[in-house]
Structures are given as C-alpha cells and as structure tokens.
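The values are calculated or read from the model by the stated rules, or taken from the named source; none is laboratory data. What you see is a predicted model, and the numbers here were worked out from it, not measured in a lab. Positions of Cβ are generated from backbone atoms using ideal geometry, with glycine treated the same way; all protein chains shown enter the neighbour counts. We work out accessible area using only protein heavy atoms, side chains counted, and drop any ligands, DNA or RNA first. Shrake-Rupley method; radii C 1.70, N 1.55, O 1.52, S 1.80 Å.
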Amino acid sequence: MQTISRRSVFIALMLTGLCGLGFLALLAALGPDWAAYVPASCTATRCFCEAPRTGMLLQQPANTWSSFGYVLIGSLMLALPYDRDPGSALSAISGRTLGVTAIVVGVGSGLLHATLTLWGQFFDVLGMYLVGSFLLVSAIARWRRIPDGAAVVIYALLCLSLVTILIVAPEVRRWLFAVLLILAITMELVFARRWRPGVKTAFYLWGLAATATAFGIWVLDQDGVVCAPHSLLQGHAVWHLLGAASLWLSFNYYRSERRHAPL
C-alpha cells in the first residue's frame, strides 16, 4: 500500500491551516454576538459538557478545534497522489470525494460548537450525513458493481434527500444518522467486503472499535457522568478525534483493496 510522503503531509497541514484561517474569518464576520441567531436545539437541554464562553468568538473552544481533526485527515486524502499506487482499487475521485466530505464534517462540527446556533447545527449534521452516505453508497457500488460516475450521482441524490429531511424534520437527525451508519456498516461487512480483492478488513474493524469507543465517551460527556465544564480536556473533543481516526482507518480500508485478486 502507498506510503505517505512528507510532501503530502506538508500539503495537508497547509490546507488545514488555510481552512482554519478561513473559519476564523467567517466567524469574525458573523459574530461574536451569537445570541442574535436562532440557538441550536441542544441549548434547550445542554450542548455537551463544555461550558459556553458567552460573548467569545468560540463558545466551546475545545470542541471547536478538535473538530479540525477531520479537516486534517480530509486534507491528507486530498493531498495523496493516487496515481502512484496503481494497484489500489480506490479511484482518485472516490478518495478525494471522501476527503472533501471529511473537511465538511470538521468545518460543520466546528461551526456548531463555535456558535451554538441552529445554522451551525445544520452544517454539523450535514457533514454527518455526507459521511454516512459515502460509506453506504461505497458498499452498494462495490456489491452491485456500479461504476464511479453512477455512484457519484446516487451519492448526490441520497445526500439531497437527507438534507431535505434535515430541513423538514430536524428532530430526527440523530436517529436518522444512526440508521444510516448501521445500514452502511451492515452492507459493507455482509455484502460488499467479499467483492474487494486483497482488502485489509482489520482497518475497518479497528475503525468500528474507535467509533464504539468514541460513542461511549460521547454518552458519558452528554449525560454529565464525566464532566469538567471549564476544562480544555473534553470528552466530546475526544469523540471528534476518535471519529476522525475512525474515518482515516476506513479510508485505508478502501485504499487497501487491490484492482485484481492477489495471486
């Protein structure tokens, strides 16, 4: 499998830095009076453990910046030279689509935690739907031998449908994402994996383990079981970093698939 060059890492770090600067510029243009906007629905109860810094540009700094773990791994997916690993079945269009998706996840999550607004919440959930849709469509496309071009169209239509539901019925957002993710995992392991020659399933399983661990930490943070509101060490921030690690492991799972079955 292709190794990661220093050049790719440098490009990824530069892209992450540029995203961070653009992110801060956007927040500076729109804030810091986030009370002027409709609040996120989680503010009716509690938006995780980290205490909001009212009047600050970033209401939840730890949860905001940890979201950029997704931006970093997404930037690395964009920076990799896919043509240098001709044996991999992962096409450049698929790898870079997942990279853009990861960046959207990170920026969207950052917008929610920085602003605690309803529009920030929209972009946060949008990123989650994009990832779940990619995982599901990738599994279906490999199982049913759907070419990349058609898979991109299916992916776009699925994302459009989910965004419509998000606008019409935002209260089902978490349940819908859970269903989408469970369906994607089931489709991959039961139907698609057997059609991926040489794939290293351990990457996918380790990704699932990271996701399960992250979810456990998410619950402890959300329910206040383990909570230090004014600390920069936040369980929800760990959820973000483990989620980014899980997505990177999934990417490597796809990248490990060979174009032809090994002899």
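Summary of values
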read-out	value
Pairs with Cβ under 9 Å, 6+ apart, first in the range 154-172 and in a helix (DSSP H, G or I), second open to solvent by 50 Å² or more (accessible area, probe 1.4 Å) and hydroxyl-bearing (Ser, Thr, Tyr)	PRO170/SER41; GLU171/SER41
Matching option when the condition is without any contact (Cβ under 8 Å) to a residue 60 or more places away in the chain, polar (S, T, N, Q), closer than 29 Å to VAL153 by Cβ and buried (at least 16 other Cβ atoms within 10 Å of the Cβ), among THR16, THR97, THR64	THR97
Whichever residue in the range 129-140 is touching a residue at least 40 places away in the same chain (Cβ under 8 Å) and of a type outside the set (S, T, N, Q) and, among such residues, is nearest to ARG194 (Cα to Cα)	ALA139
Selected residue (only one of ALA192, ALA210, ALA202 is in a helix (DSSP H, G or I) and under 18 Å from the mean Cα position of the chain (by Cα))	ALA210
Near pairs, Cβ below 8 angstrom, 6+ apart or cross-chain, from the range 200-213 (more than 18 Å from SER88 (Cβ to Cβ) and open to solvent by 80 Å² or more (accessible area, probe 1.4 Å)) to any residue that is in a helix (DSSP H, G or I) and modelled with pLDDT of 95 or more	TRP206/LEU249
Extreme residue, nearest to SER91 (Cα to Cα), among residues of the range 232-263 that are in a loop (DSSP other than H, G, I, E, B) and open to solvent by 40 Å² or more (accessible area, probe 1.4 Å)	ARG259
Number of the condition not met by VAL225 [criteria: (1) closer than 22 Å to LEU78 by Cα; (2) out of contact with any Ser or Thr (no Cβ under 7 Å at 6 or more places or on another chain); (3) part of a loop (DSSP other than H, G, I, E, B); (4) hydrophobic (A, V, I, L, M, F, W, C)]	(1)
Failed item in (1) modelled with pLDDT under 95; (2) more than 21 Å from ARG255 (Cα to Cα), with LEU157 passing the rest	(1)
Qualifying residue in the range 67-87 (condition: closer than 30 Å to HIS260 by Cα, modelled with pLDDT under 95 and touching a strand residue (DSSP E or B) at 6+ places or on another chain (Cβ under 6 Å))	yes
Pairs where the first residue, in the range 109-121, is on the phi > 0 side of the Ramachandran plot and the second is assigned to a helix (DSSP H, G or I), C-beta under 9 Å, 6+ apart	LEU116/TRP34; LEU116/CYS42; LEU116/THR43
Some residue of the range 52-59 being exposed (fewer than 15 other Cβ atoms within 10 Å of the Cβ), assigned to a helix (DSSP H, G or I) and over 19 Å from the mean Cα position of the chain (by Cα)	no
Which numbered condition VAL38 fails, given (1) crowded, with 16+ Cβ neighbours inside 10 Å; (2) in contact (Cβ under 8 Å) with a residue 60 or more places away in the chain; (3) over 28 Å from LEU98 (Cα atoms)	(1)
